[in-house]
Amino acid sequence: MKKVRLVAFFNQYIDTFKRGKISPGRIAKYELAAKYVEEYFGKKKTLNNLSKYNYQSYLNWLASADGPNKQGLSKTTVADQHTIFKTAILEAIDMGQMNPTRNVKITGHQATHSTETTLSQEDAEKLKNTILEATDTVAKYFCLVQFYTGVRYQEVTTLKWDSDIDEENEQIIIDEAFKYDGGIYRFGSTKTNAGYRKIDVHKHLFKYLKKWKASQAQDVLSGKLLNPHNLLFVTNNTYPISNSAVNKYLKYWCEKAEVSRIRSHSFRHVRSDFFTLPETDSIYIKDQLGYASIQQSYEYASATEERRQKNNQKFESFFEEIL
């Protein structure tokens with residue numbers, strides 16, 4: 001059997017089967033996998049002498065403090081690295097090589113999440129009112145738009161003053177999503193075809209946005225800010241505010257409001273709860289939140305205390321009738 005060097009094969013596999021065929025962001029993960037493989041095995045390791053024992057030791061290394069970082073990779077990240085490695089090995093098998101990846105054990109620590117998926121109606125209102133008292137910033141109004149719409153971060157970032165804000169009909173139009181792939185910023189299509197939609201919005205949001213538009217216009221006129229795309233939420237580098245910046249802002253104001261910490265995406269769950277609690281029509285919810293299926297409308301809803309109380313009252317009422 002011809003001796004094929006592991007790292008050389010892995011890089012050739014990426015160039016032949018993946019580059020130009022998957023997103024730049026996913027390619028970056030494959031290249032990172034190749035870096036890890038080279039770091040652990042070195043350049044001289046060959047495919048035909050890669051044993052299951054060697055490969056399991058590699059996965060254990062990824063999850064250890066001696067691996068790529070001092071904390072060790074999480075179990076989810078190790079599993080993703082295993083998937084990437086395994087796809088390359090399957091191609092090697094087709095070429096007559098062995099398979100050391102079969103039935104290995106995925107190791108790594110469980111990823112920890114210190115944020116909540118959603119907030120109760122009371123806490124959501126408390127957070128919104130606390131944010132309204134804050135100094136006017138990009139992050140402040142970004143969060144307010146998410147609160148009133150439940151729109152994804154990638155969709156809020158593409159909102160434009162001249163084409164997406166319809167105050168007359170009290171609607172916000174979603175027709176793009178912000179992408180960041182392999183270090184490239186761009187505007188692209190929404191997550192699914194259902195993402196193209198017109199969202200009904202409470203009039204209060206348009207009042208807040210008028211104030212923000214005037215403030216932003218002053219910065220543009222003074223030369224302090226450039227806004228070539230006429231975006232609602234542009235920053236000094238002419239790109240939208242980052243998701244991490246929004247989440248840092250939320251962390252601070254959740255503490256100020258004395259509510260559980262949430263992330264940007266949590267506003268979708270909050271909005272879904274606001275829809276399902278009063279038993280809003282499921283097709284309308286699907287359309288407003290841009291879900292691909294009605295089932296997702298309920299998957300995003302949460303078992304909040306308000307929902308428990310409402311359904312308990314309905315059940316008690318029904319139970320009283322049959323006693």
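The values are calculated or read from the model by the stated rules, or taken from the named source; none is laboratory data. Quantities reported herein were computed from a predicted structural model and do not represent experimental measurements. Cβ sites come from the backbone with ideal geometry, for glycine too, and all protein chains shown count toward neighbours. With ligands, DNA and RNA removed, areas are computed over all heavy atoms of the protein, side chains included. Shrake-Rupley method; radii C 1.70, N 1.55, O 1.52, S 1.80 Å.
A single entry from Ser297, Ser272, Ser317 fulfils the requirement of being part of a helix (DSSP H, G or I), of a type outside the set (A, V, I, L, M, F, W, C), at pLDDT below 85 and surrounded by 18 or more Cβ atoms within 10 Å (Cβ to Cβ): Ser297.
Among the residues of region 127-156, the ones that are surrounded by fewer than 17 Cβ atoms within 10 Å (Cβ to Cβ) and part of a helix (DSSP H, G or I) come to 3 in all.
Do we find a residue being closer than 23 Å to Ile294 by Cα and crowded, with 18+ Cβ neighbours inside 10 Å anywhere in region 212-235? Within region 212-235, none of the residues are closer than 23 Å to Ile294 by Cα and crowded, with 18+ Cβ neighbours inside 10 Å. The residue that is least open to solvent (accessible area, probe 1.4 Å), counting only those in region 69-97 that are farther than 16 Å from Gln56 by Cα and of a type in the set (D, E, K, R), is Glu91.
State all residues of region 197-211 that are in a loop (DSSP other than H, G, I, E, B) and surrounded by 15 or more Cβ atoms within 10 Å (Cβ to Cβ); if no residue qualifies, say none. The one that is in a loop (DSSP other than H, G, I, E, B) and surrounded by 15 or more Cβ atoms within 10 Å (Cβ to Cβ): Val201. Evaluation of Asn60 against the conditions (1) in contact with a Pro (Cβ under 9 Å, 6 or more places away or on another chain); (2) touching a residue at least 24 places away in the same chain (Cβ under 8 Å); (3) surrounded by 14 or more Cβ atoms within 10 Å (Cβ to Cβ) shows that the sole unmet condition is (1).
Can you say whether His229 is of a type outside the set (A, V, I, L, M, F, W, C) and either part of a loop (DSSP other than H, G, I, E, B) or within 25 Å of the chain's Cα centre (by Cα) (or both), as far as the supplied structure shows? Judged against the criteria, His229 is a match.
Checked against the criterion of being modelled with pLDDT of 95 or more and hydroxyl-bearing (Ser, Thr, Tyr), the candidates Tyr180, Tyr141, Tyr196, Tyr185 yield just one match: Tyr141.
Does at least one position in region 259-268 carry a residue that is surrounded by fewer than 16 Cβ atoms within 10 Å (Cβ to Cβ), in contact (Cβ under 8 Å) with a residue 40 or more places away in the chain and under 18 Å from Ala134 (Cα atoms)? The answer is no; no qualifying residue exists.
Asn54: over 28 Å from the mean Cα position of the chain (by Cα), modelled with pLDDT under 90 and of a type in the set (S, T, N, Q), yes or no?
Taking the combined requirement at face value, the residue does not satisfy it.
Lys35 meets all of the listed conditions (1) within 29 Å of the chain's Cα centre (by Cα); (2) open to solvent by 80 Å² or more (accessible area, probe 1.4 Å); (3) within 24 Å of Lys105 (Cβ to Cβ); (4) modelled with pLDDT under 90 but one, namely (4). Across region 38-47, the number of residues qualifying as open to solvent by 50 Å² or more (accessible area, probe 1.4 Å) and in a helix (DSSP H, G or I) comes to 3. Picking from residues in region 13-30 that are in contact with a helix residue (DSSP H, G or I) (Cβ under 7 Å, 6 or more places away or on another chain) and assigned to a helix (DSSP H, G or I), the one that is most open to solvent (accessible area, probe 1.4 Å) is Lys29.
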